[in-house]
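In what follows, a single structure is set out as structure tokens and then discussed.
Readers should treat all values here as calculations from the given coordinates under stated rules, not as data from a laboratory. Because the structure is predicted, anything quoted here is derived from the model rather than measured. Cβ: placed from backbone, ideal geometry, glycine included. Neighbour counts: every protein chain shown.
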Amino acid sequence: MAKNSIGLDIQKTESIAKDLNHLLANFQIYYQNLRGIHWNIRGKRFFDLHVKFEELYTDANLKVDIIAERILTLGATPLHTFEDYTKAAKVPVGKNISEDEKAVRLIVDSLSELLKIERQILNASGEANDEGSNALMSDFISEQEKTVWMMKAWLGEGV
């Protein structure tokens, strides 16, 4: 089995990088959704949600960069066009959402999709001894599970 310069199986890391690119595309759509709801939110909860959505999109923007750098670390090229993102993404696109509950629901639905992808990467990276990707996914998953719980609590729903 051929290994790359960081000691990982080349075939396995190529597959993980492909999965990370899928995650990157979905994160970019999620990020753009967050920007949109941050800009367009209306109503009595505007002040609280406007700040929360900014916190979330700032975090998503950082994660986009981290994912792209991990793809590069594995020897692949990160996707970087909106055309690529829209072709690869499964996260729902939120357009002209200004109502609070619809905005929060979009976040929950988006994070649920991201969590599915991250768990797939977590499994693949574990099997490949790719601790870097594995730790990254583990951190993302624990943060996003908490955010889903909090958003669902805000909606008055259980996990």
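Computed from label points 7 Å out along Cα-Cβ, the spacing between Asp48 and Asn96 is 2.8 nm. The helix-only estimate of mean residue ellipticity at 222 nm for the chain, built from DSSP H runs of length n ≥ 4 each weighted as -39500 (n - 2.57), is -26500 deg cm²/dmol after division by the residue total. The long axis of helix 46-73 is offset from the longest Cα principal axis of the chain by roughly 10 degrees. Couplings for the range 112-119, taken from phi via the Karplus curve 6.51 cos²θ - 1.76 cosθ + 1.60 with θ = phi - 60°, read 4, 5, 4, 4, 4, 5, 5, 5 Hz in order; Gly and Pro are left as x. Subtracting the Cα-Cα distance of Lys116 and Thr77 from 0.36 nm times their residue separation leaves 11.8 nm of extension gain.
Per-residue 3J(HN,Hα) values for the range 17-25, derived from phi via the Karplus relation 6.51 cos²θ - 1.76 cosθ + 1.60 with θ = phi - 60°, read 4, 4, 5, 5, 5, 4, 5, 4, 4 Hz in sequence order (x marks Gly and Pro).
The shape of the chain comes out prolate: with a ≥ b ≥ c from the C-alpha gyration tensor, a/c is at least 1.5 and a/b beats b/c.
On full extension, the segment bounded by Arg35 and Thr58 gains 7.4 nm, given 0.36 nm per residue less the C-alpha separation.
Taking a straight Cα-Cα cut-off under 29 Å and skipping sequence neighbours fewer than 8 places away in the same chain, the lysines within cross-link reach of Lys146 are Lys18, Lys44, Lys52, Lys63, Lys87, Lys90, Lys95, Lys102, Lys116. Label separation (Ile6 vs Asp84): 1.7 nm, computed from points 7 Å beyond Cα along the C-beta direction. Sparse packing (at most 14 other Cβ atoms within 10 Å of the Cβ) combined with a DSSP loop state is found for the following trypsin sites (Lys or Arg not before Pro) in the range 20-76: Arg42, Lys44. By the gyration tensor of its Cα atoms, with a ≥ b ≥ c the square roots of the eigenvalues, what is the shape of the range 72-149: rounded for a/c under 1.5, prolate for a/b over b/c, or oblate? Oblate shape, in that a/c is at least 1.5 and b/c is the bigger or equal ratio.
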